[in-house]
1. Counting only residues that are farther than 14 Å from GLU67 by Cβ and open to solvent by 40 Å² or more (accessible area, probe 1.4 Å), how many does region 18-41 have?
2. What residue, among those in region 1-54 that are outside any helix (DSSP H, G or I) and under 36 Å from the mean Cα position of the chain (by Cα), is nearest to ASN75 (Cα to Cα)?
3. Please enumerate the residues belonging to region 111-130 that are open to solvent by less than 100 Å² (accessible area, probe 1.4 Å) and either in contact with a strand residue (DSSP E or B) (Cβ under 8 Å, 6 or more places away or on another chain) or over 13 Å from SER183 (Cα atoms) (or both).
4. Does GLU69 satisfy being assigned to a helix (DSSP H, G or I), modelled with pLDDT of 80 or more, within 29 Å of the chain's Cα centre (by Cα) and surrounded by fewer than 13 Cβ atoms within 10 Å (Cβ to Cβ)?
Amino acid sequence: MVFPLLAMLPGIFTAISGATELFDAGKQVYNEVTGNAAPDTPAALQSAVESLPPEQQEAFAERMTKEIEMYRAQNERLEIQGGRVDAETLAVLTPEAATEVAIMRMTTRPWVVRQLTRAMVWPVMSVFAVDIALAVINTFIAGIWAVFGEAAAPVQFELVAGKFFGDGGSVYVQMYSQIVEYSAYIVITYMTLREAGKAGGPKQVVSGAINKVMTGIKSVFSGSRK
């Protein structure tokens with residue numbers, strides 16, 4: 001019997017040795033093909049696969065060829081979407097420009113998330129701090145006035161929270177509602193992807209978790225508008 005895919009095993013293991021995700025996929029495929037636990041290193045996995053019967057080697061090679069093709073397609077998509085910056089591109093840049101490009105690529109998304117988080121938190125915290133200060137001042141004035149035997153202080157500062165976030169349809173409420181909703185989408189999605197990337201979970205699980213999170217956020221904001 002001829003097994004044409006066996007000739008692809010050396011190339012498959014070269015790819016597996018160069019990418020952790022492919023090695024993890026190779027271990028999973030080995031487990032499913034053989035029913036045994038896969039070795040913990042690429043070299044040991046290669047030796048284990050080479051000792052399998054040809055039929056199982058063929059099955060392993062066929063599955064891993066598909067995994068490698070999918071991995072390459074995903075990387076190409078990410079490079080196209082994120083902007084391809086390879087050695088050839090960096091070679092034509094000055095060291096200062098290359099450094100700036102690297103810093104921007106590493107920090108732009110975290111910077112955006114930080115700014116959106118501040119946009120969600122700062123308005124509420126600022127109004128809260130001002131109202132606390134005004135309440136303290138009002139209490140102080142009332143106390144001083146009470147010393148002179150008067151029933152009420154002549155000056156009482158009105159708190160600002162009701163002006164900015166009251167139910168009167170303030171333009172600030174409308175602006176803040178729009179900012180908070182879409183900022184929450186972006187921040188929670190980013191943080192979910194970061195944690196999922198650290199954990200190294202399967203992409204299907206990550207995608208499902210993000211969809212559940214986003215559905216929950218949308219339901220919260222939809223309910224708040226009613």
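1. Start the filter on region 18-41 by keeping residues that are farther than 14 Å from GLU67 by Cβ, which leaves 34-37, 39-41.
Still in the running and open to solvent by 40 Å² or more (accessible area, probe 1.4 Å): 35-37, 40-41.
Adding up the residues that qualify gives 5.
2. To start, the set of residues in region 1-54 that are outside any helix (DSSP H, G or I) comprises 1-3, 19, 35-41, 51-53.
Next, only the ones that are under 36 Å from the mean Cα position of the chain (by Cα) stay: 19, 35-41.
Numbers: ALA19: 12, GLY35: 30, ASN36: 30, ALA37: 28, ALA38: 26, PRO39: 26, ASP40: 25, THR41: 23 Å.
Filtering region 1-54 for residues that are outside any helix (DSSP H, G or I) and under 36 Å from the mean Cα position of the chain (by Cα), the one nearest to ASN75 (Cα to Cα) comes out as ALA19.
3. Looking only at region 111-130, we keep the residues that are open to solvent by less than 100 Å² (accessible area, probe 1.4 Å), and these are 112-113, 115-121, 123-124, 126-127, 129-130.
The answer is PRO123, VAL124, SER126, VAL127, ALA129, VAL130.
4. Numbers: assigned to a helix (DSSP H, G or I): yes; modelled with pLDDT of 80 or more: yes; within 29 Å of the chain's Cα centre (by Cα): yes; surrounded by fewer than 13 Cβ atoms within 10 Å (Cβ to Cβ): yes.
Spelling it out, GLU69 is indeed assigned to a helix (DSSP H, G or I), modelled with pLDDT of 80 or more, within 29 Å of the chain's Cα centre (by Cα) and surrounded by fewer than 13 Cβ atoms within 10 Å (Cβ to Cβ).
The values are calculated or read from the model by the stated rules, or taken from the named source; none is laboratory data. If you're wondering where the values come from, they're calculated on a predicted model, not measured in any experiment. Positions of Cβ are generated from backbone atoms using ideal geometry, with glycine treated the same way; all protein chains shown enter the neighbour counts. Keep in mind that these areas ignore ligands, DNA and RNA; they rest on the heavy atoms of the full protein, side chains included. Shrake-Rupley method; radii C 1.70, N 1.55, O 1.52, S 1.80 Å.
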